[in-house]
Amino acid sequence: MNRLNKILTRILVFLAAIVFLTGIIFSIFRQKNKTKNALQDSEKIFLNQAEFKSFSSQKNKAFTKIGKLRATTKSSKNEKTKIVLITPYIEYIDDQTFYEELDRNLKKMREIILNYFSEQTAEELAKKNEEKINSELLEKLNSILVLQKIQKLYFTDFLIL
């Protein structure tokens, strides 16, 4: 009887492991599908990598130090908070002193962008078009700058998860 208990215990452990691994695999595929759908939606609204590279000319430069940012949207009655992943790039007229001003204000610019997305629900963001989001953010970003104003703001990544 003792030997039978050992065999049954091993079978139960094996079956539990299979159920556990199946759950992990299912959740990974489900998450990949959500990310894929979000990527497809963001490509329709915001600038893609090829378009971003084409805007730069000899007079204009791209400030790319902001990097990838992750913000949490405000919750609403109908939905929970969502995560917004963004990679903003700034177009500015080529000027070394203005580049240094942008670099000095990097932390403030990140905070402004993160706060902008954190103050809105995912539903509100979805209703806005690219121009509206850009104009609102440009106004806020330009308010902290002295030497020049940012020409344009681009997003190569914009995901609401």
Do you know which of the residues in the stretch 79-107 that are polar (S, T, N, Q) and surrounded by 12 or more Cβ atoms within 10 Å (Cβ to Cβ) is nearest to the chain's Cα centre (by Cα)?
THR87
Which pairs have Cβ atoms under 7 Å, sit 6 or more apart or on different chains, and link a residue in the stretch 91-119 that is of a type in the set (Val, Ile, Thr) to one that is open to solvent by 50 Å² or more (accessible area, probe 1.4 Å) and assigned to a helix (DSSP H, G or I)?
ILE112/LYS140
So which residues in the stretch 56-78 are exposed (fewer than 12 other Cβ atoms within 10 Å of the Cβ) and either of a type in the set (D, E, K, R) or in contact with a strand residue (DSSP E or B) (Cβ under 9 Å, 6 or more places away or on another chain) (or both), if there are any at all?
LYS59, GLY67, LYS68, LYS77
Select, from LEU147, LEU141, LEU159, LEU137, the only residue that is buried (at least 19 other Cβ atoms within 10 Å of the Cβ) and over 27 Å from ASN78 (Cβ atoms).
LEU141
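The values are calculated or read from the model by the stated rules, or taken from the named source; none is laboratory data. Quick caveat, the model's predicted, so the values are computed rather than measured. All Cβ positions, even for glycine, are placed from backbone atoms using ideal geometry, and neighbour counts span all protein chains on display. These area figures cover heavy atoms from the full protein model, side chains too; ligands, DNA and RNA do not enter into them. Shrake-Rupley method; radii C 1.70, N 1.55, O 1.52, S 1.80 Å.
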